[in-house]
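As structure tokens, the structure follows; a few thoughts come after it.
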């Protein structure tokens, strides 16, 4: 019924009868049919069309000739007698056709019912020929047009993703599909009228080319030419201009797809989150200037997590169209270097000095003095006169000095500002060049010609001054029609979490609330008109009421403000770490009760007295009061700044809380009440009270209640933006659903803030992707697997021994999981692959989790390598901005560059550094740029030009040599500062809480997590398993897609590229291609780049080959050995029970001890090992690894199939290696902690 354009009452009645007939047996099917009938009723009724249809139907059923009056497509009207053989609906035109014998033409003809002006029954009869077959006739027609002649062949070539899409459907009985080696598809059809295919071919746009017949190819070309003339004025053509900071990936013509994508959303919505999806380098960012220029009534903010992206965006605008908000230190330094005289003139101006004194008296801040400002300026100049990266402690001090300068000017502006911002002094100040340079947000707000503000996430989070007040993510702008672009959208979530967790918080909520309560309840609220604003007073009274309620429960707080615990010895592996987690609900890891004594709140593990209150009740009350107090104070800072400073001084003068509150970022305004724990967590954050032993000698019962508070969350900050403004989230992977390291888009959808991605959006992206793939030459990326070094090659064997010695060296970091050693081996494995198979002048971009260990081989251990005759390293000159080396190995030279986001920024901001980087690629030798996965998520773009100049080029090879596994930090108090450890724990708890509230881990598991926040060593391993494994895989996949996008940026012709994948990366892609992820894969398909699709295709081909090879090469002996081992050891265990209960069978104890010693010493040939079948052998064993199927069949390590997994025998030593005491004991006993023997013997999995 959806394919009809006219109402048909007969069809309505038939559908209604059918619905009534099946209602009892299938109500759902009946309702569906009734809905179709209702849809029919909603169509317009064309009585003339209905009369023609009824007449033709009657003529067909009775075999009567009908007289037709017909108007053809040109408007000509003819009459004829007609024999209707059948009536056929055709969905492509929403019409019906009748096929039969035409007495006027003396041939079978087809007539469209909508063009029949009149149909009259005659008394003549006819018979349908016995050889007439509608099925045969239509099998030769593309639609309904049929000619009495042999069908013609139509030959089409499809490109890019469309080449895959068209293969997935059945279009015509005659279709023949041929997949070409270059990734394109050739499809041929045999059809009666090729021109009838024209509209179907046009829907594929530039993704299809007509090869034959010539008349169809000409018709398509003519139509394209007519369209081009019709839309000439609307075609956006921007010639490429090589500008520093402009991505070379958008050379030539920038397609209008993304500007239209943006504009549709801008025209339709005033606020909400609109995902801007599509592959990297397709034009999501480069289209922003077009959008800005097309919407002169709007202002825009572009936000990213790296300054490099801001610089690249600024290069796309004319001077004066945009402003960049830089780091405070940079802003003050630049003003002092470029406008020092004007700045000094401002300081000595009588008007400025007068209002600065007023500001100092009002705020009582000593820094608001000319002497203090000049001192701070001098400090900034001294610390930044050499362009170098400052140590963290010095950088924080320099920032503080810069803030003194900015704070002084800001206070003067606020003192001079009136409600209408029309005051003479204020107007003079906000238009002063120095003030505009110090606060670029002022010209953005006040000058219409400044259209867009570029700001880092860090700056937007901590806030900036716009001439009226401080702004931040919680209150970004006063502009009502603001549009916000968030680049690398999904990866901003983790950056926000880091900023939030590293931000200041109240360290001791009990002391904090004690100060606030005493000041307000005892000294200020008794004054009837305090604090001169009724709403503020009411909120203070409600906070005080919370503490009063605590006292009504007979708890003497805040007079008592100490916690004690009567210690009992606990097992060494179960230290006392109770914790109380609070969002909307409270979760406690242990039952805790408060026994109030004369000196403290004694925490009890058992409720021996019914009068003892649960400790979580007090923690919840103090946590709630703390949250509300901070929210009130930060709102006052924004709206009532004078009263804010007064109350801050009244409550917290001469305490650390004064400074802590002052630097806490502003909180988002209160959202609507959340009805679930997940909603409460995302919108309001959490409190965590962690109780730990102080280990005091003077008072061994006192415990510390360490407080972790997260009031801001990535979700509530984004919510604050999206409920007021239209927010575009630019990303190639934001549609991949993940719980951690991504915004909870499902929650935003339930808040009606996530805007839909339409079919039109998807089509635009697919067409642009196909066009880009064609311009790049249509070459397909292939996949190669790399793992370890080839021990058969003498050079690689010698290198392998050297790397083993490095891993054992005291200067090398402890390698508990073997990741660091594996990282070095894979680096060189990819290097040898490049030398052997990389072709001429290969250029590789290599991604690792971190390149620290590999870099040590070029610095700390370079001389050792040269002495051992393994390789030679020579630093390249003119690389003060980076680490670049010439590596000589196997008599070949390779240029190796270590590059990260920080160095990328330095390169883009210095012409000299950029030229030096480019020159690195002018060598005929292979070049490897080693970077980190973090750079992919941060949007770091790395292209290069050759010595002949010309457009930038993408790398020919990319290496993904390990899977990200570090999603939870492992804070180390021995190596990190207290602030870093504290922030890491807050971040870990946040992500575990998200997993818990998303029902991906149980409450029991969450309690266990909370009790081990100081020891999160196994959290990452747990995340990759069980109920969270899917979330982990999608996070890894998103990182891989971002990394692959770094070598698919240019639109110029690019040679065939190769992706070198480690086995675990290969398995990640392999798993994603399985049935479990089919829905996600299909949803992501429109946004898949040509390279990514090629990777999927090649992995699918290799998987098929591996599975075939696995069936041929599988080794089934392990299953037999493991079963024998299980039976033998289970029998030994039964015998040991007899030893314990009866003291008999002492031989069993002897066997157990002998077997344990033999296994610990890796004695595969001991008699007892053989007797209990604990050891076996296989040629497929290597370096402590086995490639196992679920049936315990062994495969060669190189065969990667979805069902198999790598079993690491060294995992048995993970806990031992992580405990220095146990580790040293094992080593003293001569026990190996790693399986590194070269043979083929190994212990069975059951034995281990």
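Residue by residue, here is whether (1) free of Cβ contacts under 8 Å to residues at least 60 places away in the same chain; (2) out of contact with any helix residue (DSSP H, G or I) (no Cβ under 9 Å at 6 or more places or on another chain) holds:
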position: 931; (1), (2): no, no
position: 951; (1), (2): no, no
position: 990; (1), (2): no, no
position: 994; (1), (2): no, no
position: 1000; (1), (2): no, no
position: 1004; (1), (2): yes, yes
position: 1027; (1), (2): yes, no
position: 1033; (1), (2): yes, no
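When you check residue 798 against the structure, is it in contact (Cβ under 8 Å) with a residue 40 or more places away in the chain, within 30 Å of residue 1020 (Cα to Cα) and in a helix (DSSP H, G or I), yes or no? Against the criterion (in contact (Cβ under 8 Å) with a residue 40 or more places away in the chain, within 30 Å of residue 1020 (Cα to Cα) and in a helix (DSSP H, G or I)), residue 798 does not qualify.
Restricting 829, 880 to residues that are touching a helix residue (DSSP H, G or I) at 6+ places or on another chain (Cβ under 9 Å) and modelled with pLDDT under 90 narrows the list to 880.
Of the strands (runs of 3 or more DSSP E) lying entirely inside the stretch 680-782, those containing at least 2 residues that are within 30 Å of residue 1095 (Cβ to Cβ) and touching a helix residue (DSSP H, G or I) at 6+ places or on another chain (Cβ under 6 Å) span 726-730. The condition (being assigned to a loop (DSSP other than H, G, I, E, B), assigned by TED's automatic domain parsing to the domain that holds residue 293 and either exposed (fewer than 14 other Cβ atoms within 10 Å of the Cβ) or touching a residue at least 12 places away in the same chain (Cβ under 8 Å) (or both)) is satisfied by just one residue among 419, 386, 449: 449. Among the candidates 1021, 993, 1056, 1038, the residue that is in a helix (DSSP H, G or I), surrounded by fewer than 16 Cβ atoms within 10 Å (Cβ to Cβ) and on the phi < 0 side of the Ramachandran plot is uniquely 1021. Identify, from the list 482, 473, 454, the residue that is out of contact with any helix residue (DSSP H, G or I) (no Cβ under 7 Å at 6 or more places or on another chain) and not assigned by TED's automatic domain parsing to the domain that holds residue 637. Checking each option against the conditions leaves just 482.
This table checks each residue for (1) within 17 Å of residue 1197 (Cα to Cα); (2) more than 21 Å from the chain's Cα centre (by Cα); (3) modelled with pLDDT of 90 or more.
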| position | (1), (2), (3) |
| --- | --- |
| 1042 | no, no, yes |
| 1045 | no, no, yes |
| 1056 | no, yes, yes |
| 1061 | yes, no, yes |
| 1064 | yes, no, yes |
| 1070 | yes, no, yes |
| 1078 | no, no, no |
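A single member of 136, 149, 109, 115 is more than 20 Å from residue 46 (Cβ to Cβ) and touching a residue at least 40 places away in the same chain (Cβ under 8 Å), and it is 149. If you go through the stretch 853-884 and keep only what is touching a strand residue (DSSP E or B) at 6+ places or on another chain (Cβ under 9 Å) and assigned to a helix (DSSP H, G or I), you end up with 854, 855, 862, 863, 865, 866. Kindly check whether there is at least one residue in the stretch 93-101 that is in the same structural domain as residue 51 (by TED's automatic domain parsing), out of contact with any helix residue (DSSP H, G or I) (no Cβ under 9 Å at 6 or more places or on another chain), modelled with pLDDT of 85 or more and not in a helix (DSSP H, G or I). Checking the stretch 93-101: at least one residue is in the same structural domain as residue 51 (by TED's automatic domain parsing), out of contact with any helix residue (DSSP H, G or I) (no Cβ under 9 Å at 6 or more places or on another chain), modelled with pLDDT of 85 or more and not in a helix (DSSP H, G or I). So, in the stretch 806-830, of the ones that are touching a residue at least 40 places away in the same chain (Cβ under 8 Å) and closer than 18 Å to residue 1238 by Cα, which residue ends up surrounded by the fewest Cβ atoms within 10 Å (Cβ to Cβ)? My answer is 818. The strands (runs of 3 or more DSSP E) located wholly in the stretch 583-639 that include 2 or more residues which are more than 15 Å from residue 566 (Cα to Cα) occupy 586-588. Restricted to helices (runs of 4 or more DSSP H) entirely inside the stretch 1-87, those with at least 1 residues that are assigned by TED's automatic domain parsing to the domain that holds residue 126, surrounded by 13 or more Cβ atoms within 10 Å (Cβ to Cβ) and modelled with pLDDT of 85 or more are 47-62. Scanning the stretch 152-174 for residues that are under 28 Å from residue 1088 (Cα atoms) and surrounded by fewer than 16 Cβ atoms within 10 Å (Cβ to Cβ) turns up 167, 168, 169, 170, 171.
Checking each residue in the stretch 1128-1177 for being touching a strand residue (DSSP E or B) at 6+ places or on another chain (Cβ under 7 Å) and either in a helix (DSSP H, G or I) or surrounded by fewer than 17 Cβ atoms within 10 Å (Cβ to Cβ) (or both) picks out 1159, 1169, 1177. Kindly establish whether residue 873 is in contact with a helix residue (DSSP H, G or I) (Cβ under 6 Å, 6 or more places away or on another chain), assigned by TED's automatic domain parsing to the domain that holds residue 954 and surrounded by 18 or more Cβ atoms within 10 Å (Cβ to Cβ). When the stated conditions are applied, residue 873 passes them. Per the conditions (1) buried (at least 17 other Cβ atoms within 10 Å of the Cβ); (2) touching a strand residue (DSSP E or B) at 6+ places or on another chain (Cβ under 8 Å); (3) not assigned by TED's automatic domain parsing to the domain that holds residue 50, the sole criterion not satisfied by residue 126 is (3).
Okay, residues lined up against (1) closer than 22 Å to residue 850 by Cβ; (2) modelled with pLDDT of 85 or more; (3) in the same structural domain as residue 1043 (by TED's automatic domain parsing); (4) surrounded by fewer than 23 Cβ atoms within 10 Å (Cβ to Cβ):
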{"residue": "913", "(1), (2), (3), (4)": "no, no, yes, yes"}
{"residue": "917", "(1), (2), (3), (4)": "yes, no, yes, no"}
{"residue": "924", "(1), (2), (3), (4)": "no, yes, yes, yes"}
{"residue": "931", "(1), (2), (3), (4)": "yes, yes, yes, no"}
{"residue": "934", "(1), (2), (3), (4)": "yes, no, yes, yes"}
{"residue": "944", "(1), (2), (3), (4)": "no, no, yes, yes"}
{"residue": "958", "(1), (2), (3), (4)": "yes, yes, yes, no"}
{"residue": "961", "(1), (2), (3), (4)": "yes, yes, yes, no"}
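Candidates are the residues of the stretch 422-446 that are within 28 Å of residue 664 (Cα to Cα) and part of a loop (DSSP other than H, G, I, E, B); the one that is farthest from the chain's Cα centre (by Cα) is 439.
Would you say residue 803 is part of a helix (DSSP H, G or I) and within 27 Å of residue 924 (Cβ to Cβ)? Considered against the rule, which asks whether it is part of a helix (DSSP H, G or I) and within 27 Å of residue 924 (Cβ to Cβ), residue 803 comes out as no.
Taken over the stretch 1128-1157, residues that are touching a residue at least 12 places away in the same chain (Cβ under 8 Å) and under 48 Å from the mean Cα position of the chain (by Cα) amount to 1.
A quick yes/no check of all residues on (1) touching a residue at least 60 places away in the same chain (Cβ under 8 Å); (2) more than 30 Å from residue 533 (Cα to Cα); (3) crowded, with 18+ Cβ neighbours inside 10 Å:
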position: 593; (1), (2), (3): no, yes, yes
position: 603; (1), (2), (3): yes, yes, yes
position: 616; (1), (2), (3): no, yes, yes
position: 631; (1), (2), (3): yes, no, yes
position: 647; (1), (2), (3): yes, no, yes
position: 662; (1), (2), (3): no, no, no
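Just one of (1) closer than 18 Å to residue 439 by Cβ; (2) in contact (Cβ under 8 Å) with a residue 40 or more places away in the chain; (3) touching a helix residue (DSSP H, G or I) at 6+ places or on another chain (Cβ under 6 Å) fails for residue 373. It is (2).
Do we find that residue 1006 is at pLDDT 90 or above and either outside the structural domain of residue 854 (by TED's automatic domain parsing) or within 26 Å of residue 885 (Cβ to Cβ) (or both) in this structure? Taking the combined requirement at face value, the residue satisfies it.
The values are calculated or read from the model by the stated rules, or taken from the named source; none is laboratory data. On a predicted model such as this, the values are computed, not experimentally measured, just so you know. No Cβ is skipped: glycine too gets one built from the backbone with ideal geometry, and neighbour counts run over all protein chains shown.
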